[in-house]
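Please read the structure below before turning to the comments.
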There are 2 protein chains.
Amino acid sequence: MKVGPRPAGREFFTARTVAEALAGFRPARRTAVGGVPLADALHRVPAGAVPATGPLPGFARSTVDGYAVRAADTYGASESLPSYLDLLGAVRMGEAPTVAVRPGGAVGMPTGGVLPEGADAVVMVENTAETMPGTIEVTRPVAPGSGIVRADEDVAAGAALVKGGRPLRAPDLGLLAAAGVTTVPVHARPRVVILSTGDEVVPPDTATLLPGQVRDATAPALAGLVRDAGGEPVIAGIVSDEPGALRARLQEVLPGADLVVVSAGSSVGARDETAGAVAALGDVWCHGLAIKPGKPTLLAECSGVPVVGLPGNPLSALVVFRLVGVPLVWRLAGCAAPPPEPSTRARLARDLPSAAGRLDVVQVALRDGEAEPIFGPSALLSVLTRADGYLVVPEPATGLDAGTEVEVTLYR
Amino acid sequence: MKVGPRPAGREFFTARTVAEALAGFRPARRTAVGGVPLADALHRVPAGAVPATGPLPGFARSTVDGYAVRAADTYGASESLPSYLDLLGAVRMGEAPTVAVRPGGAVGMPTGGVLPEGADAVVMVENTAETMPGTIEVTRPVAPGSGIVRADEDVAAGAALVKGGRPLRAPDLGLLAAAGVTTVPVHARPRVVILSTGDEVVPPDTATLLPGQVRDATAPALAGLVRDAGGEPVIAGIVSDEPGALRARLQEVLPGADLVVVSAGSSVGARDETAGAVAALGDVWCHGLAIKPGKPTLLAECSGVPVVGLPGNPLSALVVFRLVGVPLVWRLAGCAAPPPEPSTRARLARDLPSAAGRLDVVQVALRDGEAEPIFGPSALLSVLTRADGYLVVPEPATGLDAGTEVEVTLYR
């Protein structure tokens, strides 16, 4: 191995800020759209609005147990001077009414029943009494429309059941089901190919390590982040540091990928190899991010496929992928704004130094409303697993004082 | 159908607050524990701590590119008066060192390489120069331990890689992989059997509805919430309102369930049928929750299986299941505290009335930092799909004034 002084700035000749990367590195690629069954559609992203073919609920429905009436027949009714109405029958759940409401009449209604012809309101059973067979007393007036929902009050025919570009939530599945939509056109899960590099890296199922070997921690963790972002991770193995090996492997995986993530070797040589291989196959958008940890990050596009080159330390790689890679995965699936993350406010437990011009991502443990920074080299993955969340010291700041109220993004 | 006055309080003879339900209704049942591959372990709940069989990273490692040295040999070094050290060789990635560091010597180190015998620090390459072959200049002193991680600094042998009871996150998968743990003992996903009831309810794939029929919106939406909570939903069909039908179906599904959810018919009769069927098979813990929407909620335990009876309106059912059912699903899988939900603070756009003694769950749309309540009968599922989140008016409050700062739990 040759170790020697490097020309300053060689490695990070196209460094950017995280904000620039999020705003500027936006490959046009989107995954294909296809129908999936409702049961598999949770958090999938519809390509466009899905319209209702008819109105919902589809008929005027009672929202209470009571009596369908003409509202005008109840005007002036009170406990002391009830309106007396003829009981004409009752509506059964799930069936068409067999009787209409004529002036002076009432029809028994279950919640959810079909409003009979002639009725324009439903009196709650609590405001009635059936003191004589065939007659009910109404002790409170109702206005037209009271106790009912209109046939198109949930969704009008042709209106959107769900919007395009927003991941489907549980209630969306309900509304689609109500409208009879059991196959939903959504973007395919982005296939995120994860390549690990490094002669020292061996598969996680390696029982016994030789001296200097480490198991691949980054690929399984990245796969988890990809899943959280709605993507389909493809762990594509470990590439040796041999010159040309990564380039050859990239050429193999690019045609089947929506995004390629290279968890780079950690040494200078390995990083240079990654940058060289990617540059040979496409356009490097940036090499170097003003972020700590995570500076040696590379963003590129090769044959229309975005490629993210991550730092070799698992902690750095995961921090960067969370901030820069996860929004990419969502966007590939047609989602403009990733779902919100949980967060909380806390008081910083100690002073936090930071260099201006660099985004610092600091892992913290929370206790009693205090955020305690977890310091440690970015070679330690346990810094991340011990954290409850992270805070960000923005680019302009030169640090934060103990006691400062900070926003902590929580892991879940 | 018979509709008539009911004795006051009959239906909700054992009403509780939501806080009482969350604290008090805690069935002892937990799902079985079994090993799953790492790739399927995301968000699964380990039954107990998973210990490391050996230390991590397993050997003292360099965290920088540079030279392994004895720190004492660098004391006093500066740009003007460097320390001169003999270059004894270099460590290769993933291999054992072939040379030790003796006093006055240095060995080239890649980031992540194995620290050679005799060295106690690594000088960053930036603070060195190789001006003559075989000799390096060190221009800044290092302390012992600088530029390295100890063999057990990430995790000590026998220490916990992950804790029990907390769903696994992406970085946890990384740490497990690093330790060679590729099968993780986790709780089985709780099997949540979802029964829909109501003569008016038909399956979502029903192409044409007869008058008065509605498609089952609640079951697919509940299935989504169950998945979000790490459970395995089992949509077990629609039970007619016929007396005895629900009880018979409950007896069928209870043996294969960790939790049974009955989305009750919406009419009084259907609700009474649910309560009767459940009471006949087990112990009713509460019938009636002080919550709006969602009052007609039933919590019970039948043969050791928790049973949740939900209101008939999809909106009410989903609101209650989110608040009371989701923590149950997590707990069945051995998770004490469900993962945090995203939230934000916003100004209430208008006055919000509420009855004291009742928890009000209000759906809101967010715009420019304002939370606009979405009003509408709980028969309308679109109230929920249009919302960005919800706020809670706590039990003691009699309402909130416009302009109040409120905490909005965000949907994702």
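Take the alpha carbon gyration tensor of segment B:247-363, find the square roots of its eigenvalues, order them as a ≥ b ≥ c, and report rounded if a/c is under 1.5; if not, report prolate when a/b exceeds b/c, else oblate.
Working: a/c = 2.62, a/b = 1.46, b/c = 1.79.
The shape class here is oblate.
Between A:Ala129 and B:Glu20, what FRET efficiency follows from the Cβ-Cβ distance if R0 is 35 Å, with the result rounded to 0.05?
Taking R0 as 35 Å, the efficiency between A:Ala129 and B:Glu20 is 0.55.
Rounded to the nearest 500 deg cm²/dmol, what is the calculated helix-only ellipticity per residue at 222 nm for chain A, with -39500 (n - 2.57) per DSSP H run of length n ≥ 4?
Taken over chain A, the calculation gives -4500 deg cm²/dmol.
Exposed loop sites here are chymotrypsin sites (Phe, Trp or Tyr not before Pro) in DSSP loop states with at most 13 other C-beta atoms within 10 Å. What is the longest stretch of chain A lacking them? Each step should come with its number before you reach the end.
Working: sites that count: A:Phe13, A:Tyr75, A:Phe375.
Free of exposed loop sites, the longest segment is A:76-374.
Sort shortest first the distances from B:Gly357 to its counterpart in every other copy, using label points 7 Å along the Cα-to-beta-carbon line, and give them in nm.
Its label point is 6.6 nm from the equivalent points in the other copies.
Using a Cα-Cα cut-off of under 18 Å, which aspartates and glutamates could be cross-linked to A:Lys295, ignoring same-chain neighbours fewer than 8 residues away?
Of all the aspartates and glutamates, those that pass the test against A:Lys295 - Cα under 18 Å, at least 8 places apart if same chain - are A:Glu11, A:Glu20, A:Asp272, A:Glu273, A:Asp360, A:Glu395, B:Asp65, B:Glu126.
Determine the shielding of peptide A:395-405 by partner chains: average, over its residues, the number of Cβ atoms on other chains within 10 angstrom of each Cβ. Don't skip to the end; give the middle numbers.
Working: counts 0, 0, 0, 0, 0, 0, 0, 0, 0, 0, 0.
Per residue, the number of nearby Cβ atoms from other chains is 0 on average.
Going 7 Å from Cα along the Cα-Cβ axis for the label, what nanometre distances separate A:Thr53 from the same residue across the other copies?
Ordered by increasing distance: 5.7 nm.
How far apart are the A:Pro185 label points across copies, placing each 7 Å from Cα toward Cβ, in nm, shortest first?
Label-point distances to the other copies, shortest first: 5.0 nm.
Express in nm, to one decimal, how much length is gained between A:Arg412 and A:Leu210 on full extension, taking 0.36 nm for each residue of separation and deducting their alpha carbon distance. Before the final figure, lay out the partial values.
Numbers: separation 202, 0.36 × 202 = 72.72 nm, distance 3.49 nm.
This chain segment gains 69.2 nm when fully extended.
What is the calculated FRET efficiency for B:Ala39 to B:Glu232, with r their C-beta to C-beta distance and R₀ = 25 Å, to the nearest 0.05?
After rounding to 0.05, the efficiency reads 0.90.
Order the peptides A:127-136, B:195-204 from the highest to the lowest mean number of other Cβ atoms within 10 Å of their residues.
For the peptides A:127-136, B:195-204, the packing ranking is B:195-204, A:127-136.
Where a ≥ b ≥ c are the square roots of the eigenvalues of the C-alpha gyration tensor, would you call chain A rounded, which needs a/c under 1.5, or, failing that, prolate if a/b is larger than b/c, or oblate?
Prolate, because a/c is 1.5 or more and a/b exceeds b/c.
Which FRET efficiency, nearest 0.05, do A:Phe375 and B:Ala279 yield, Cβ-Cβ r, R0 60 Å?
0.55
Can you compute the modelled spin-label distance between B:Ala159 and A:Ala96, with each label point 7 Å from Cα toward Cβ, in nm?
It is 7.4 nm.
Which of the three applies to the protein assembly as shown, rounded, prolate or oblate, going by the alpha-carbon gyration tensor with a ≥ b ≥ c and a/c under 1.5 meaning rounded?
Prolate.
Sticking with the crude label model, points 7 Å out along Cα→Cβ, report the distance from B:Ala72 to A:Ala365 in nm, one decimal please.
For the pair B:Ala72/A:Ala365, the computed spacing is 3.5 nm.
What percent do you get for the relative contact order of segment A:61-149 when only Cα pairs under 8 Å and 6+ apart count?
Relative contact order here is 43 percent.
What average number of partner chain Cβ atoms lie no more than 10 Å from the Cβ of the residues making up A:240-247?
Across the residues of A:240-247, the mean count of other-chain Cβ atoms within 10 Å is 1.
Using only atoms on other chains, find how many Cβ atoms lie within 10 Å of each Cβ of peptide A:94-100 and report the average.
The per-residue average across the peptide is 4.
Assigning unit charges at the beta carbon (Lys, Arg +1; Asp, Glu -1) and nothing else, what dipole magnitude in debye, to the nearest 20, does segment B:61-149 show about its Cα centre?
Dipole size: approximately 180 debye.
What percent does the relative contact order of segment B:343-410 come to when contacts are Cα pairs within less than 8 Å and at least six residues apart? Don't jump to the answer; show the numbers that get you there.
Working: 147 pairs, mean separation 33.8, N = 68.
In percent, rounded to a whole number, it is 50.
What residue in chain A has the Cβ closest to the axis turning A into B, and how close is it in whole Å?
Chain A residue with minimal Cβ-axis distance: A:Pro342, 2.
Using Cα-Cα distances under 8 Å and only pairs 6 or more residues apart, what relative contact order does chain A have, in percent? All intermediate terms of the calculation are to be shown ahead of the outcome.
On the way: 961 pairs, mean separation 67.5, N = 412.
Taking the mean separation of contacting Cα pairs over the length of chain A, I get 16 percent.
Within segment A:354-373, whose backbone N sits under 17 Å from a point 7 Å along Cα→Cβ of A:Arg347?
Output list for this probe position: A:365-373.
Bear in mind these aren't lab numbers, they're just calculated from the coordinates by the rules spelled out. It should be emphasised that the depicted structure is a prediction, and the values quoted were computed from it without experimental measurement. Glycine also receives a Cβ, built like all others from the backbone with ideal geometry; neighbour counts cover every protein chain displayed.
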